[in-house]
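Here, each number is a calculation from the coordinates, and none is a lab measurement. Note that the coordinates shown come from a computational prediction; the quantities given were computed from them, not determined experimentally. Glycine also receives a Cβ, built like all others from the backbone with ideal geometry; neighbour counts cover every protein chain displayed.
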């Protein structure tokens, strides 16, 4: 038996594709996925180019909506929970199929391949891609990505919702992503972050554990070196979803080696965006009245040994 076929069968068993059936159609009066998305576009405004990140990724837009699930990332666990809850329109912040554009062929990092590197797998032939695609189609799901337009919403829900999840409300005057918090050590602040966001092993911190933290900057998602360098001097602690390690992490380490008590915490890109997508679910309840809406967390996939 070919290895690819064996892997696909194993993955199908794990995901339960054979056990789950398509969600039953709703009453004809229920709006379609396309109609719900039209409401979203109207409410958020702006341009929606066909080549942008946002848009339908898989499924039939004319499908009547039984319910809506929001999530930072449409993992298999999230999709299974959505089916179990009869939610067939999935609004996801991040890609479903493992590449920036959800494209059939993942793009090589950096726009090219290094010497001796193997080309990326063709997604339609990849057993994980194939099984996930089959699960979505058999379950009658429709997946719509909402990234750019949710991120640029003037209320900045990704940041404010993350702050609220951490229990921080004192936004620094005139600053969008800065918060003044009760003074605590970095060690205690990191413990609070881990507990409030239910992080298992994906949190990493750089800095003196005993240093005092009074002002933090929140940056859900990817924080670029330019953003970090421009703001590190304004705060005691930068909290990012993810960073490029060889630039940001060691920059923070060298700052501490030079005697500056400034810290960096990376909590994971998806984890950092989950509170914002929970806020998205609350917002969608005002857009899709009468349709069940639920946030489903993708969670922290990492673990650490005791």
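Distance between the 7 Å Cα→Cβ label points at residue 215 and residue 285: 3.6 nm. Cβ-to-Cβ counts within 10 Å put 93, 250 in ascending order as 250, 93, the fewest first.
Which of 78, 270 comes first, and how do the rest follow, when ranked by fewest Cβ neighbours within 10 Å? Please report the intermediate quantities before stating the final value.
Values: 78 21, 270 24.
Fewest-to-most ranking of 78, 270: 78, 270.
With a Förster radius of 25 Å applied to the C-beta separation of residue 253 and residue 188, the computed FRET efficiency comes to 0.75.
In nm, what is the difference between 0.36 nm times the number of residues separating residue 175 and residue 302 and their Cα-Cα distance? Each step should come with its number before you reach the end.
Values: separation 127, 0.36 × 127 = 45.72 nm, distance 3.22 nm.
Going from the current span to full extension adds 42.5 nm.
Normalised by the number of residues in region 157-267, the average gap of Cα pairs under 8 Å and 6 or more apart makes the relative contact order 27 percent. Multiplying the residue separation of residue 99 and residue 204 by 0.36 nm and subtracting their alpha-carbon distance yields 35.4 nm. Return, ordered by residue number, the residues of region 133-161 whose backbone nitrogen is under 17 Å from a label point located 7 Å along Cα→Cβ of residue 35. Output list for this probe position: 142. The antiparallel fraction among DSSP beta bridges confined to region 157-267 stands at about 50%. The ranking of 216, 249 from fewest to most other beta carbons within 10 Å of each one's beta carbon is 249, 216. Extension gain, residue 125 to residue 77: 0.36 nm times the residue separation minus the Cα-Cα distance gives 15.1 nm.
Apply the a/c threshold of 1.5 to the C-alpha gyration tensor of region 156-213 and tell me whether it is rounded, prolate or oblate.
On the way: a/c = 2.10, a/b = 1.29, b/c = 1.63.
Judged from the Cα gyration tensor, region 156-213 comes out oblate (a/c at least 1.5, b/c at or above a/b).
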